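**Student:** Before we start, here is the structure in question, set down as structure tokens.
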Amino acid sequence: MRRFEIDIFYFVSRAAILLALPLFISDVGLYHEYARNLIEHGRWPYAHFDFEYPPLAFPLMLIPGWLHQLFGFQDTESYRLLFAVTLLPFDFLLFLKFRTRSPFPGAAFLYVLLSSALCLLLFDRFDIAVGFLLAWPFLGGASDLGFAFFWGVGGALKLVPLAVAPARLLDWKFSRGGKFLRSLCFFLLLFTPFFLSCALGL
């Protein structure tokens, strides 16, 4: 499939998800409430209300909340659209990387097809940002430092990247004297954002 056709497929699928599908069962209403707690009432997560996510997730809910208030919107549907627009760059960067540095033939088409099958779930939750942080080091040819950074930030956003982090060690070729030091540096870089996230949440 030519790039132009894949581009059309991507933009049409995203427009349909953002503009044509109605709000149904979603966490967007909860995200909107979390954002309003700070914007309208000055209440901070953890300190003034229960927040079930790591601290790094809060800005993803807060940014569309600020835009929602700035534009004078009132309904949850408009917040959902702004929330989706906030997440759209993560999705678009993944699509571009699959299109320009395809790890296998048809990777971009398959990405658009499978992600579109998620329908509302693609932008009604912030998992696309987590998926971006997990996949980007593989697609970008990142170094060990890159893996540690992206997966560490991902672990502060959601715990999923930390569950797959040990798999990175399988790809390393160590010298006899540097194995322990390199492993230690990797895990310090990986878990530091997570520990900071926990500390902020206490």
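The values are calculated or read from the model by the stated rules, or taken from the named source; none is laboratory data. Predicted model only: the values in this text are computed from it and were never measured. Positions of Cβ are backbone-derived with ideal geometry, glycine not excepted, and every protein chain shown enters the neighbour counts.
**Student:** Step by step: first the residues of region 121-144, then only those that are under 8 Å from the mean Cα position of the chain (by Cα) and of a type in the set (Phe, Trp, Tyr), then the one that is modelled with the highest pLDDT. Which residue is that?
**Tutor:** So in region 121-144, the residues under 8 Å from the mean Cα position of the chain (by Cα) come out as 126-133.
The next check asks that each one be of a type in the set (Phe, Trp, Tyr); those that pass are 126, 132.
On the way: 126: 87, 132: 90.
In this case the residue turns out to be 132.
**Student:** Also, quick follow-up: Quick check on region 34-55: of everything there that is small (Gly, Ala, Ser) and in a loop (DSSP other than H, G, I, E, B), which residue is modelled with the lowest pLDDT?
**Tutor:** Of region 34-55, the ones small (Gly, Ala, Ser) are 35, 42, 47.
Retained after the next criterion (residues that are in a loop (DSSP other than H, G, I, E, B)): 42, 47.
Values: 42: 86, 47: 81.
Once the filter is applied, the top-ranked residue is 47.
**Student:** Please verify whether residue 45 is out of contact with any helix residue (DSSP H, G or I) (no Cβ under 6 Å at 6 or more places or on another chain) and either without any contact (Cβ under 8 Å) to a residue 12 or more places away in the chain or surrounded by 19 or more Cβ atoms within 10 Å (Cβ to Cβ) (or both), treating the condition exactly as stated.
**Tutor:** Working: out of contact with any helix residue (DSSP H, G or I) (no Cβ under 6 Å at 6 or more places or on another chain): no; either without any contact (Cβ under 8 Å) to a residue 12 or more places away in the chain or surrounded by 19 or more Cβ atoms within 10 Å (Cβ to Cβ) (or both): yes.
Judged against the criteria, residue 45 is not a match.
**Student:** Could you check region 17-33 and list, in sequence order, the residues that are at pLDDT 90 or above and either surrounded by 16 or more Cβ atoms within 10 Å (Cβ to Cβ) or in contact with a helix residue (DSSP H, G or I) (Cβ under 8 Å, 6 or more places away or on another chain) (or both)?
**Tutor:** Matches in region 17-33: 31, 32.
**Student:** Next question. Give the residue, chosen from 100, 76, 86, that is of a type in the set (Ser, Thr, Tyr) and closer than 19 Å to residue 20 by Cβ. Talk me through it step by step, then tell me what you get.
**Tutor:** Values: 100 fails: closer than 19 Å to residue 20 by Cβ; 86 fails: closer than 19 Å to residue 20 by Cβ.
After applying the criteria, what remains is 76.
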